[in-house]
Amino acid sequence: MHLATYLGLLHTSLGTLADAFREVAKGHGDEPDVERTCEVLASRIDAQAEKLSPIVDRYGEHRETEPERLHTAEFEQTRTGGVGLLRDLQDLYALSSFTDITWTVVGQAAQGLRDKELMDVVSACEQDTARQLAWLKTRIKQSAPQALIVAKG
Amino acid sequence: MDRWVQSACVLCSNGCGCDIAVKDGRIVGVRGRADDIVNRGRLGPKGLHGSWQAHGKDRLTTPLIRRNGELRETDWDTAMTTIVRRSQDLLAESGPLSHGFYTSGQLFLEEYYTLGVIGKAGLGTPHMDGNTRLCTATAAAALKETFGSDGQPACHADIDLCDALFLFGHNMAATQTVMWARVLDRVKGPGRPRLVVVDPRRTPTAEAADVHLAPLPGTNLALLNGLVRAVIEHGWLDREYVDRHTLGFEELKATVEPYTPEHVAGICRISPADLMRAAEIFGTSERVLSTVLQGFYQSHQATAASCQVNNLHLLRGQIGGPGSGVLQMNGQPTAQNTRECGADGDLPGFRNWDNPEHVEELARLWNVDPLTIPHWAPPTHAMQIWRYAEQGSIRFLWISATNPAVSLPELGRIREILRREDLFVVAQDAFRTETTELADVVLPAALWGEKQGTFTNLSRVVHLSEQAVAPPAGARSDLDIFLDYAHRMGFRDRDGDPLIKWKDAEGAFDAWRECSRGRPCDYSELSYERLRGGSGIPWGGERLYADGVFPTDADYCEDYGHDLLTGASTTPADYRARRPDGRAFLKAAEYTPAQEQPDDEYPFLCTTGRSVYHFHTRTKTSRAPELQKAAPDPWVELSAGDATGLGLSDGDVVRVESARGFVEVPVRIGRCRDGVVFLPFHYGFQAANELTPTEWDPVSKQPLFKISTVRIRRV
Ligand code: SF4
């Protein structure tokens, strides 16, 4: 069963995503709303990972060898300036979209397996991921015109 | 005394109807208008003394321009030509996003509307906001999130009719004295309503309360989640009303579920019994009126906490009836108009920037290309405007009728921004202020009483303020200044006619009536003629939402709303999918601890606030001898316990210091709860905002003046 592999992947990618949000928070302290919201979202991603943990353990016993290397891109260093902020938020958007679709994949399997516990976790975490994406999109839309048209440096 | 001239007071959001006494072409006093529904003849100390005594003192009467680093006197033509040249150069070089406008909550409706049209249809910049961002942005946001549009549901008469009055973060005795007098009529009279006050300080308002809840600064949302939970838990709700008129009950219930009295008491450091008493008063009184102000608006999770007040009323079906409703208060006298007319960046007439049909409507009205009107993202809020200026992408900043060098958070940073070489700053004011001293061009403006216009108070009551006297020679009304700029810039409509077609206040008002027609804030029935004599008149009738129908219809609403935790916008498609169709939203969020938490280095929580004797940064009130004498200097308030712990007594001078700056002020003992200190924010010297953080609420974008951590030592 490949679900175990996928759960592992999801678990790792949540860790990567939370780190990335924290990194952006740290790198953009001059944008207090970005700093603050990224921290709040990071701690919610930690909570997602925590909810998933027991399920990863449960399926982990049945883990098969990976069909192929599944991994998420790591977030590298934050950038500076208006365009830098925009790029960093876009990177977060990409990472967050990856966990979003991974939750969807896992959710489908949970339904197939009639795993009620996993289904509940997926539904709560999908909502939370939608919130991340919505915030990122809102903030990106706000920043884009200024960064691309008038920002210097 | 030669004559009385009709007006209303512009020193707080109550907007008391008054008459101005004129003798020999000068203002010599004011009196309350007995037939006004707001104040019934009363005036408070600020209105009586502060509204007119500054008029003859220290006025700016000639434009100033910076040459070789110094502000020098110049003439109007030179000043305006300089402004227009810079504006046009920047437009040619980098377009309208290089322009920002930072206005006020103290101008008149006509001035805001004119400025709004200049910004949106003339220049096409989304960078326009008022200092109302600092005072009432959360009121507007909470009303939009819950009811679909701005607009205060309740009215002043509800004070006379309620059985319970809740003041959430509202020290009414200091901020709206005449409103408070109306409360005292009830509290000291027969059939006393029960009074609940939420405030971390034991203010005179709190002393009058049956229940005083003093949560730690930054924990309002936990408290409110606890109150909502208790009301649901005890079944003090009107299930039928909730089912018919609201959306989101199950989510609300789930969100507040963890906030048991004990849990809340632990977070807020209050007694669980007091919490339950307050909940019971809310849950069992026949008619409840709530007001909300800066203690909530300028604090952590401001919009979420303020929405919970709306939710309490919706749960009980207590909205729009006599004596039952909510006033998401305004702070400044004309803040409501900044919001209505689009001078805070929103589209005029409570139109929705995310609704293409609303943008089209404005484009038709103004006869401009809809693409000119900025609507690709939410309007830029003040804190972001300052950030863009700090980063050098806004290079033209026009400040009118406000003093950000005292009123914004983290003043050291604000001064640095204002001093930037690449930022051209226009400051328009009646007096020299901390801000004008840092401007490139200073324009002398007329004051209240020296110009004509209307404004709308905290309960939607519109007053006409007539011109009583001429401004001092050399000063011009803000409206005339904006019109002159528009004229010199040559803003045109699609037919090549002047974009702005009015030439005076009444013409602007009539244009606004058309703009507001059919919108929630519909002024089309009002006119200068109707507003003359008698009382001020509310738009929308005495109360809103008596029928339980809210302006949430997707085609009509002012905003599609936000996630209260992060401020993420709800998309038009998601909003429509919920089919609100006139139902109100029961929105909620979990409590999260504020970013600044006391530690060994900065062990105290500092909150800032108001004194009864002053308004804003004291440009007027410090020039009124009675007010100035009553509160000439800033101070810091400490609890008796904390003072003893630090070995301090009354009058000792201490340094209060945060990570951002410090003030040195004498100590006053009393009023605060242990661990919390208070600084008045009015003073330009030893200014409280040296200490406050650059941080804001995710939804309303209102800065968090009420929470910074500080240390204290004797000097
Ligand atoms: S309560 Fe407000 S509006 Fe009324 S007189 Fe006092 S300051 Fe003026």
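The values are calculated or read from the model by the stated rules, or taken from the named source; none is laboratory data. Note that the structure is a prediction, hence the values are computed from the model and not measured. Note: ideal-geometry Cβ built from the backbone for every residue, glycine included; neighbour counts use all protein chains shown. Only protein heavy atoms, including side chains, enter the accessible area calculation; ligands, DNA and RNA are left aside. Shrake-Rupley method; radii C 1.70, N 1.55, O 1.52, S 1.80 Å.
Data table
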quantity	calculated
Relative pair counts by distance (%), Cα atoms of the stretch B:112-217, 5 Å bins	2, 10, 15, 17, 18, 13, 8, 6, 6, 3, 1, 0
Isotropic mean projected area of the C-alpha convex hull, the stretch B:137-329 (nm²)	9.5
Cβ-Cβ FRET estimate between B:Glu514 and B:Asp369, R0 fixed at 22 Å, reported to 0.05	0.65
Kirkwood Rh in Å, taken over the stretch B:3-50 so that all alpha-carbon pairs contribute	10.6
Estimated buried accessible area (total), pair B and A, 1.4 Å, Å² to nearest 100	2300
Longest site-free stretch - chain A; sites: GluC sites (Glu not before Pro), DSSP loop, at most 14 other Cβ within 10 Å	A:77-153
Nearest-0.05 FRET efficiency for B:Lys503 and B:Ser527, computed from C-beta distance (R0 22 Å)	0.80
Other protein chain Cβ atoms within 10 Å, averaged over every residue that makes up B:392-399	2
Rounded accessible area of B:Glu437 (nearest 10 Å², 1.4 Å probe)	80
Mean Cα-pair separation over length for the stretch B:137-329, i.e. relative contact order, pairs under 8 Å, 6 or more apart, %	35
Environment charge at B:Gly189 (Cβ cut-off 11 Å; Lys +1, Arg +1, Asp -1, Glu -1)	+2
Cα-based reach from B:Lys451 at 19 Å (exclusive), listing lysines while leaving out same-chain residues under 8 positions away	B:Lys23, B:Lys57, B:Lys503, B:Lys620
Radius, Kirkwood style, for chain B when every pair of distinct Cα atoms is counted (Å)	25.5
Calculated SAXS-style log₁₀ I(q)/I(0) at q = 0.17, 0.20, 0.31 Å⁻¹ - the stretch B:365-419, Debye, Cα scatterers	-0.67, -0.82, -1.36
At most 15 other Cβ within 10 Å, DSSP loop - chymotrypsin sites (Phe, Trp or Tyr not before Pro), the stretch B:609-715	B:Phe685
Accessible surface, 1.4 Å probe, highest first, among residues B:Glu558, B:Glu240	B:Glu240, B:Glu558
Length-normalised contact order of chain B in % [C-alpha pairs under 8 Å, at least 6 apart]	21
Rg in Å to one decimal, and Dmax rounded to a whole Å, for the protein assembly as shown via C-alpha atoms	26.9, 97
Positive minus negative residues near B:Arg460 (Lys, Arg vs Asp, Glu; Cβ under 12 Å)	-2
Potential extension, B:Lys57-B:Glu357 segment - 0.36 nm per residue separation minus Cα distance	103.1 nm
Theoretical gain in end-to-end length, B:Asp650 to B:Glu286 [0.36 nm per residue, Cα-Cα removed]	126.6 nm
Kirkwood Rh, angstrom, chain A [1 / mean 1/r, Cα pairs]	16.3
Average silhouette area of the stretch B:363-469, convex hull of alpha-carbon atoms, in square nanometres	9.7
Å² per residue, accessible surface of the stretch B:604-714 at 1.4 Å	32
Within the protein assembly as shown, percent of DSSP bridges classed antiparallel, to nearest 5	50
Normalised convex hull volume, the stretch B:421-512, alpha-carbon set, Å³ per residue	156
Pairs of alpha carbons in the stretch B:255-343 whose separation is greater than 23 Å (percent)	34
Tail weight of P(r) past 22 Å, computed on alpha-carbon pairs of the stretch B:507-629, percent	68
With every protein chain in place, the stretch A:91-153: carbon and sulfur % of accessible area (1.4 Å)	57
Nearest-20 debye value, the protein assembly as shown charge dipole, Cβ charges on Lys, Arg, Asp, Glu	2180
The stretch B:604-714: C-alpha gyration tensor shape, a/c 1.5 cut-off, then a/b vs b/c	oblate
Stretchable slack from A:Lys26 to A:Ala94, in nm (0.36 nm times residue separation minus alpha-carbon distance)	22.6 nm
Average partner coverage of B:585-592, which counts Cβ from other chains inside 10 Å	1
